Amino acid sequence: MNPSSSNASNSAQNCSSAIANDPVHDLPPYLLEKGWRKFWSKREKRPYFFNKLTNESLWEMPPPNAVGNCDPIRDPLGIQSPLPSSPHTPEPITSNHQPQWPLRVVEKRPSQDECGSALPAKKLVFSGPCGPWDLEISTNVGIWERPGILMQHIHPDIEIVRTSYLTKLRNQYYELCHSRENIEAPKDSFIRWLMERKVVDKGLDPLLPSNCFPEVSRSMYNEIMNDIPVRLTRPKFCAEARKQLAKYAEAAKKMIESRNASPESRKIVKWSVEEAFQFIRGTLNATFDDYEERLIHLRSQCQPQLVEAAKKSVEGICSKIYHLSCEYAKKVREQEVELMKKENIQEIHGPLRIQNPKKVYCSPIHLAHNCPKLPLVHFIVDKEIVLIRYKDEILRIRSLYLQKLEHLYRWNCLEDKKLEYFMCRVWCLLKRYHAFISLSSADAFSTQLSLPASVFECLHKNFDVTFECFASPLNCYFRQYCSAFPDTDAYFGSRGSILNFFPISGSFQAFPPYSEDLFEATIDHFERVLSNSEDALSFILFLQEYKEHSPRAPLKLESSRFKRKQLTIEALDYDLRSGYQHVCDPNQVLLKSPVSLMIIFLQNDAGFLRWGPTPQRIDALLESFKPVKEIMKDREITLLSPPPTPQSLPPSGGGNSSQTSETTS
C-alpha cells in the first residue's frame, strides 16, 4: 500500500471523526450547506441554532426551508436579527418587578428598510388559552351606510399630553373638595362627571369636556351636596349608628358657624343639633332604629339650611373644573394642529355625507383624516404579563388580552395588515383607559364592569345577541360593540358612541355604567331608534339598582310602550367581571355584586316576534347568571349521575300526554 494514500485516508477519517464530535457541525448536510451551525447556550443550558449567512437563530432544529422564513416567536432570547443592526434597537427595560430569567424583546419596525425592499408581515401571535369571549361571531346589526368621523388619529405624544391634563384635572377636583368643603371627593364622582359631560358635550376632544351646556354639572353638584357636611355610610350596629349621629351633628354645627348663612338657618341648625346631643346623652339604651330615626330627622331639619349655605361654593367647584377642562382641551388641540402641520396633513372641515346611503351591516367607524407616522414602541413578553414601553412610560397588560387585541385588530383594521402600528395603538389604548379609570385607585373599577361569559353565551344562543352597546376592546365579548372613545377603539372594532349609533335591525345587549344622565339619554335613544324602525330590533338592558340612584329612569322605562318584560336578580346572587380584568390576577376577575340587577327587554313588534322573552329563554338567562363554580358543579353532577332506568321513567299514557299538551300550549 502506498504510504501517501494511507496517510490521506487516516487524515480524512480523523477529520470526519472531529466533525462528528464537533457540536458546531453536528447537523444534517443540507443545513450545513445553508449556513446553519449548532452552538451551546451557557445561560440557558441548552443548544441553539445560528445561521451565519442570514443571522437567523432558533432554539429548535431548523426545518429544510428555514432560511428567510423563521418565526421570531420561536426565538425567546431575541438573538434573531434578520435585519442589520439598527440605531432603534430597544434598551432593556429595568424594573423592580422584572424577572431574572430571559425575556423576549421585540421591536416594532417599519415594513420597509431604507432601500424600500418589502419585508414579510410581522407575526404577533401570543400563545395562550381561549379567553372569555367569542370573536368569531359575526354581526346581525343593520344600519344605513355612514361616512367617516372627523376625529384625529391617536398619537402617543398627544396621548401623553391629554392624559397628563386629565390627571391634573382630577387632582385639582380632589383638592377643591378638600379645601372648600372639607370633604373627600365622592367616590367615582369624577368619572361620572366625565360621562355626564360627554352626553351633552359638542367639543372635539374625545376625553376632556370642552363645549357643554349648562356649565355646572348636575351630577357633580348633587354628589358633592350629598356628602355635605360629612359623608354618611350605612351602619350595621347600634354603636355605629350612635357614632354617626354624633358625627353628623358636630359637622353640621361647625359648618353653619363658618358660612355666611341667614340667622334663621343658624337657629334651626343650632336647635336641631342641641336636641340631637341631648338625645345621645339622655338615652343610653336606645336601639338601632332609634338612632336611625333621629339621624333622619336631624338631616331633614339641617340639610336644607346647609345646602343653601354651600350652594355658591359647590357651584364654584363645578364651574371651575369645567373651565379648567376647556382650557386643557384647547392646549391639547394646539398640540394636534402642530403635529398635523409637521406631518403635512390637511384638516377636513365641515360634515361628511354619503350620497344615496344603502342598508349595510355595521362595520368599524372610519377616521376621515390621514394617519400621521407613528413612532416605535417596544414590548417585553413574559408568559402572563406584557410590558409595553414608549419613552419612559411602561404599561402592563396580560398576554391573553394582548392576544385578544391582536385578533380584534386583524378583524377590524384592514389598512394596517402588516401590523406596523399595532403596538403603538395598543399603548395609546391602555394609556387612555388607565387614565380614565384611574388605575392607581381601587375605587374606580366599576365603570368597566362586564357580564360573565356564560351570560353572553346565553344571550347569543337564545336571543341572537351579537352586539354590545357599552364595552371597550379590553372587556368586550363580541368583536362589534360601541364604546366611549372612538379614536382609540376604532382600530379594535368600536362602532363609536351608542348615542351616535342608529341601527335599523339587530339584537343588542346594554350594560351601561352608573350615570343618571347617561341612563336617561340611553333610554331616550333606544326608544327613538325603536320607533323609527320596522325591522326586528331588540335591546336587553342590565341596570344596577337604578330605582335608588336614578329616580327618573324607572318612570321612563315603566311608561315605555316597547317594554316587554322586567326581571330582578338579587344582590350577591350573580358575578361580574372586574374592570381591571386585563391586568389583575386571574383569580380576582370574578366579583360578587353587592347590589341588585334589573333586566329590561325593550323590543319593537318585529323584535318581539323574533326574540321575545319566552319562559324557556328567561329560565336559560337566569340559569346563566349562576356563579361559575355552581355551573361547573351542576355540570359535574349531570355528568356523574347515572342515566335513568326504565323503572324511573314516567309511565306513558293519556294523563301524561294531556299534561304535555297543556305545557306546550
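So here's what we get for this one:
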read-out: Computed lengthening from ASP134 to LYS341, 0.36 nm per intervening residue step minus Cα-Cα distance; value: 70.4 nm
read-out: Cα gyration tensor shape for the stretch 280-411, rounded if a/c is under 1.5, else prolate or oblate; value: prolate
read-out: Extension reserve of the GLU570-LYS45 stretch, reckoned as 0.36 nm per residue once the Cα distance is removed; value: 183.3 nm
read-out: Inter-site label distance for LYS187 and SER363 at 7 Å from Cα along Cβ, in nm; value: 4.5
read-out: Percent of alpha-carbon pairs separated by more than 20 Å within the stretch 445-640; value: 56
read-out: Modelled FRET efficiency - R0 60 Å, ILE354 with THR287, Cβ distances, 0.05 increments; value: 0.30
read-out: GLU534/LYS461 FRET efficiency (R0 22 Å; Cβ-Cβ; nearest 0.05); value: 0.25
read-out: Relative contact order for the stretch 135-211, counting Cα pairs under 8 Å that sit 6 or more residues apart, in percent; value: 18
read-out: Fully extended contour minus Cα-Cα distance, from TRP411 to LEU622, at 0.36 nm per residue; value: 72.8 nm
read-out: Normalised contact order of the stretch 158-339, rounded percent, pairs of Cα under 8 Å and 6 or more residues apart; value: 32
read-out: Integer Hz, Karplus 6.51/-1.76/1.60 couplings in order for the stretch 318-324, x for Gly and Pro; value: 5, 5, 5, 4, 5, 5, 5
read-out: Highest to lowest packing among 491-503, 337-349, 407-419, 601-613, scored as the average C-beta count within 10 Å; value: 491-503, 601-613, 407-419, 337-349
read-out: Lysine pairs with alpha-carbon atoms under 30 Å apart, the stretch 346-462, spacing 8 or more or separate chains; value: 25
read-out: Cβ-based exposure ranking for VAL589, VAL269, VAL377, in which fewest neighbours within 10 Å come first; value: VAL589, VAL377, VAL269
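We did not get these values from a lab; they are worked out from the coordinates using the rules stated. Values in this document were obtained by computation on a predicted structure and should not be read as measured data. Note: ideal-geometry Cβ built from the backbone for every residue, glycine included; neighbour counts use all protein chains shown.
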